[in-house]
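Pasting a structure below so you can have a look.
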Amino acid sequence: MTETTWLWAGAVGMLAGSVLLFAAGGRRTQDEEGHTLVHGFVPLFAAISYFAMAVHQGEMTLPSGRVFLYARYLDWSVTTPLLLLGLTMTALHGARRRVGLVAGLIASDVVMIVTGLFFGASEAPFNKWVWYAASCVAFLAVLWVLFVPLREEALGRDQVRRDVYSRNVTILTVLWLFYPVLVLLGPDGLGMWPAALATPAIAILDLVAKVAYGIIAMFGSRQVTTADLIRDEVSSVEIATHAIPSGALRPAYRK
């Protein structure tokens, strides 16, 4: 398969994944509906990016002659914050919303992608590696927020939510660790891998990180929502039982 064919495959796969996630997503609560929207839009934005690259609108030719697929970074600048938003929704639902913490997490992620964009577009070695180092530092900041304060928030919740957050953050982190390596080895970095090899590798990783992970995250959202609904029903019964004194509903005709 050629590079363009892989880009078309990415566009079609992302679009199909978006339709699947929107159709299969739950809407029993606002939280579950939020997860459906977040994870449904992730591959939809990616499909737009892959389509742009497939028709040669999401690329630019640098002075050296290297073709730079900048649409890939535009995709990541939207989809990675959405994926992080899904994790924060799992960790913080029903607890303190920690607006500042979430804003810092998203800002660090955007810095990671924007500096990565400049890394890919740079041809001067000094500029390129300064941008790459800055992107890696921002990535470490993202990981710190996910595994320290957000994890602490999740651990303070019920067992189902703790398990779902731990599973999702581990899977997403492992997948994301491949990106700086692939970009480093590909044409945007050291050039050890040609575009014909780097493009399919990133396309497959994108499909796994956006569609396959989205399915896992939606399943986790369903587990959490079911546990929340059961707990709310039990709480409602307990409140009703304790709020109505025994014998308070005796028929009026009884003496």
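The values are calculated or read from the model by the stated rules, or taken from the named source; none is laboratory data. Keep in mind the model is a prediction, meaning the values are calculated, not measured. Here the Cβ is made from the backbone with ideal geometry for all residues, glycine too, and neighbour counts use every protein chain on show. Note: accessible area is taken over every heavy atom of the protein model, side chains too, but ligands, DNA and RNA are not part of it. Shrake-Rupley method; radii C 1.70, N 1.55, O 1.52, S 1.80 Å.
Per residue of the chain, what 222 nm ellipticity follows from adding -39500 (n - 2.57) for every DSSP H run with n ≥ 4, rounded to the nearest 500?
-26500 deg cm²/dmol
Compute from the Cα atoms of the stretch 1-88 the Rg and the Dmax, the latter being the longest Cα-Cα distance, and quote both in angstrom.
15.1, 54
How charged is the neighbourhood of Arg222? Take every other residue with its Cβ under 14 Å from the Cβ of Arg222, and add Lys/Arg as +1 and Asp/Glu as -1.
Net charge around Arg222: -1.
Share of Cα-Cα pairs in the stretch 105-221 beyond 25 Å, in percent? Spell out each step's value before the answer.
On the way: 2123 of 6786 pairs.
That fraction is 31 percent.
With the alpha-carbon atoms as the only input, what is the per residue convex hull volume for the chain in Å³? Spell out each step's value before the answer.
On the way: hull volume 32.6 nm³, N = 255.
Once divided by residue count, the hull of the chain is 128 Å³.
Can you tell me the relative contact order of the chain? Whole percent, Cα pairs under 8 Å, sequence separation 6 or more.
Values: 284 pairs, mean separation 56.3, N = 255.
Averaging sequence separation for qualifying contacts and normalising by length gives 22 percent for the chain.
What are the semi-axes of the equivalent ellipsoid for the stretch 104-151, taken as the square roots of 5 times the Cα gyration tensor eigenvalues, largest first, in whole Å?
24, 9, 5
While we're on this one: DSSP loop (so not H, G, I, E, B), at most 15 other Cβ within 10 Å: list which trypsin sites (Lys or Arg not before Pro) in the stretch 97-190 pass both filters.
Sites meeting the loop and neighbour criteria: Arg97.
Show the residues, 5+ positions off or on another chain, whose built amide H is closer than 5 Å to the amide H of Trp193.
Gly186
Work out the length of the dipole vector of the chain about its Cα centre, built from +1 on the beta-carbon of each Lys and Arg and -1 on the beta-carbon of each Asp and Glu, and round it to the nearest 20 debye.
For this selection, approximately 920 debye.
Oh, and also: Is the shape of the stretch 72-166 rounded, prolate or oblate, going by the alpha carbon gyration tensor and its root eigenvalues a ≥ b ≥ c, with a/c under 1.5 for rounded and a/b larger than b/c for prolate?
Because a/c hits 1.5 or more and a/b exceeds b/c, the stretch 72-166 counts as prolate.
So, counting K/R as plus one and D/E as minus one, what does the shell of residues with Cβ under 12 Å around Leu143 add up to?
After counting each charged neighbour, the total is 0.
Taking only protein heavy atoms and a 1.4 Å probe, what accessible area per residue, in Å², does the stretch 29-114 have with all protein chains in place?
Result: 41 Å² per residue.
Mean Kyte-Doolittle of at least 1.6 plus a Cα span of 15 Å or more along the axis: flag which DSSP H helices in the chain meet both, please. Write out the running numbers ahead of the final one.
Values: long enough: 3-24 (31 Å, 1.30); 30-54 (36 Å, 0.50); 71-92 (32 Å, 0.93); 99-121 (33 Å, 2.07); 125-147 (33 Å, 1.41); 159-185 (40 Å, 0.89); 195-207 (17 Å, 1.82); 213-243 (44 Å, 0.32).
For the chain, where a helix must reach 15 Å along its axis and average at least 1.6, the hits are 99-121, 195-207.
For the stretch 36-77, compute Rg over Rh where Rg is the Cα radius of gyration and Rh is the Kirkwood radius from the inverse mean 1/r over Cα pairs.
My calculation puts Rg/Rh at 1.11.
Add +1 for every Lys or Arg and -1 for every Asp or Glu among the other residues with Cβ under 14 Å from the Cβ of Thr173, and state the total.
Result for the local shell: +1.
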